[in-house]
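The values are calculated or read from the model by the stated rules, or taken from the named source; none is laboratory data. Bear in mind that the values here come from a model prediction, so they are computed numbers and not experimental data. Positions of Cβ are backbone-derived with ideal geometry, glycine not excepted, and every protein chain shown enters the neighbour counts.
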């Protein structure tokens with residue numbers, strides 16, 4: 001256990017019926033979740049959704065009221081944190097300010113009785129992995145935010161943990177550095193191959209980094225899937241709204257089960273009779289169609305009045321009123337060819353949506 | 001620009017405008033310190049009586065103090081009780097402050113107030129109560145009794161100092177240490193304690209001083225062979241006035257000031273870290 005080599009000890013996590021209450025509030029409500037061996041899984045949700053509680057339960061800092069957590073074959077629900085062999089990175093980095101960089105990273109090795117040359121060698125190897133070679137003797141207050149992040153990371157994996165947990169580790173960094181660290185973390189994960197559970201409230205970060213994303217809200221697991229599926233086929237209105245931008249419009253259903261939007265067939269409810277359905281339109285999947293274009297097998301066309309076009313740098317956002325109280329957001333690139341220019345506020349415009357880009361979600365529970 | 005018309009702060013107010021404030025502050029500080037300092041020249045007097053200013057000078061009262069078995073014994077008692085009080089109050093204070101800091105229990109506020117009551121209740125009440133309580137269990141005039149009573153007085157100070165030291169401490173460091181393989185106890189001693197060490201040392205020094213300077217409880221519950229220096233001084237002032245007291249006072253002022261300066265120094269060092 002003590003000298004397990006890096007990257008060979010990835011373990012799956014199996015969570016069953018995990019429940020945690022604070023008073024009458026369910027922080028976690030009967031959560032089932034399987035994290036595959038070696039995968040990068042992100043817990044994504046708004047603040048107060050229970051994602052951090054779930055992470056803390058995996059780490060052993062929060063004792064659930066009931067349920068099961070297994071690392072591989074081992075039930076760990078009663079195992080204290082220091083025996084779980086889990087590396088953890090906190091939002092605040094939580095580096096030990098009274099130790100230098102090498103002592104911080106060497107701390108878990110020291111606790112495992114690894115001393116002298118071997119400890120120094122493994123610390124140096126970890127420093128190299130996070131591209132901080134030669135920083136061992138530095139004090140913590142001599143490091144930049146990004147460097148601190150890397151030290152916290154090195155400290156979390158240097159002892160070859162079976163599982164790596166990260167609680168919003170990049171949220172304190174500025175946007176540019178954060179985006180670079182996202183890629184670096186992804187590379188590091190690939191290199192170490194360790195099962196990683198990552199918590200964030202930043203949907204873009206979740207989509208960028210994860211093998212799979214678990215969307216959590218009100219203590220419940222709402223949807224668990226790859227970033228593509230989560231984005232392209234949200235399970236419900238919450239996921240559609242929380243991830244990406246969207247305009248949501250109600251659909252009607254005819255007697256044959258076809259779903260209609262303003263008389264145009266956009267989908268099929270099948271035999272499911274008892275629900276309301278909603279059309280989700282992603283602004284970047286919409287485009288301006290030629291005047292006079294009509295709905296066909298390929299494209300759904302809506303007409304409306306251009307209310308406003310806002311230049312946002314890499315893209316432009318247009319708000320189109322398709323009736324008095326319904327606005328649809330359309331996002332398009334600013335490459336010159338694909339612009340709304342030519343249209344002014346108040347002009348009549350046509351917007352198109354490829355039928356492949358139609359997202360239809362059921363509202364609420366089936367009756 | 002001379003000192004007079006230079007701005008005193010990030011404002012347009014100059015040192016000249018502020019002169020009245022400087023003078024007032026100096027007067028207040030003088031009034032606070034003067035009664036203490038007046039004993040210093042008196043201790044170097046050659047007179048039989050307390051005299052200010054002294055007409056002739058000598059070191060005889062220092063010799064008197066250092067040569068007296070009675071005074072030396074009382075001094076040893078005071079150091080012993082002070083040291084033991086420090087050993088009792090500091091760990092208890094650290095444990096209480098840590099528990100209150102970590103706990104999310106709703107009663108922490110009430111427990112904190114309960115623990116600092118010895119600071120709020122008039123010492124004379126504690127002294128009388130302790131005296132009668134000790135009378136029942138035969139702890140009057142014992143070192144242990146005095147140490148316990150002084151620890152009750154020192155505990156609130158230790159708790160407040162350590163709580164202040166913990167206030168800026170990030171507890172997730174301890175969680176990290178535990179996830180890295182440290183037991184909770186190890187995490188506290190290896191990670192938390194080194195970072196609040198200046199507060200702990202300050203708490204220890206102030207605990208010592210609380211006991212060393214204390215007179216009211218000592219008058220009630222210490223006596224005989226275990227009477228403290230302060231108790232002897234009080235008795236000496238009542239029975240016969242003699243400049244030995246001034247000499248002892250001077251030594252105590254120097255010792256206390258040195259310890260206080262040390263805590264200030266440690267405090268600023270702790271803040272820098």
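So here's what we get for this one:
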{"item": "For residue A:162: the one exception among (1) closer than 20 Å to residue A:227 by Cβ; (2) within 14 Å of chain B (Cβ to nearest Cβ); (3) out of contact with any helix residue (DSSP H, G or I) (no Cβ under 9 Å at 6 or more places or on another chain)", "result": "(1)"}
{"item": "Selected residue [within 14 Å of chain A (Cβ to nearest Cβ) and either crowded, with 21+ Cβ neighbours inside 10 Å or at negative phi (or both)] from B:220, B:208, B:189, B:234", "result": "B:189"}
{"item": "Residues being outside any helix (DSSP H, G or I) and buried (at least 19 other Cβ atoms within 10 Å of the Cβ) - total across segment A:137-159", "result": "2"}
{"item": "Selected residue (only one of A:177, A:185, A:173 is farther than 25 Å from residue A:53 by Cβ and either part of a loop (DSSP other than H, G, I, E, B) or touching a helix residue (DSSP H, G or I) at 6+ places or on another chain (Cβ under 8 Å) (or both))", "result": "A:177"}
{"item": "Residues within segment B:143-174 that are within 14 Å of chain A (Cβ to nearest Cβ) and either crowded, with 22+ Cβ neighbours inside 10 Å or in a helix (DSSP H, G or I) (or both), tallied", "result": "4"}
{"item": "Test for residue A:260: is it assigned by TED's automatic domain parsing to the domain that holds residue A:350, assigned to a strand (DSSP E or B) and buried (at least 16 other Cβ atoms within 10 Å of the Cβ)", "result": "no"}
{"item": "Pick from segment B:23-36, criterion within 14 Å of residue B:250 (Cβ to Cβ) and without any contact (Cβ under 8 Å) to a residue 24 or more places away in the chain, ranking: surrounded by the most Cβ atoms within 10 Å (Cβ to Cβ)", "result": "B:33"}
{"item": "Boolean, residue A:319 is under 30 Å from residue A:255 (Cα atoms), in the same structural domain as residue A:253 (by TED's automatic domain parsing) and crowded, with 16+ Cβ neighbours inside 10 Å", "result": "no"}
{"item": "Elements of type strands (runs of 3 or more DSSP E) in segment A:2-106, at least 2 residues being more than 14 Å from every other protein chain (Cβ to nearest Cβ) and in contact with a strand residue (DSSP E or B) (Cβ under 9 Å, 6 or more places away or on another chain)", "result": "A:13-22, A:25-35, A:40-44, A:66-71"}
{"item": "Filter result for the condition that a residue is within 19 Å of the chain's Cα centre (by Cα), at negative phi and without any contact (Cβ under 8 Å) to a residue 40 or more places away in the chain, over A:170, A:132, A:165", "result": "A:170"}
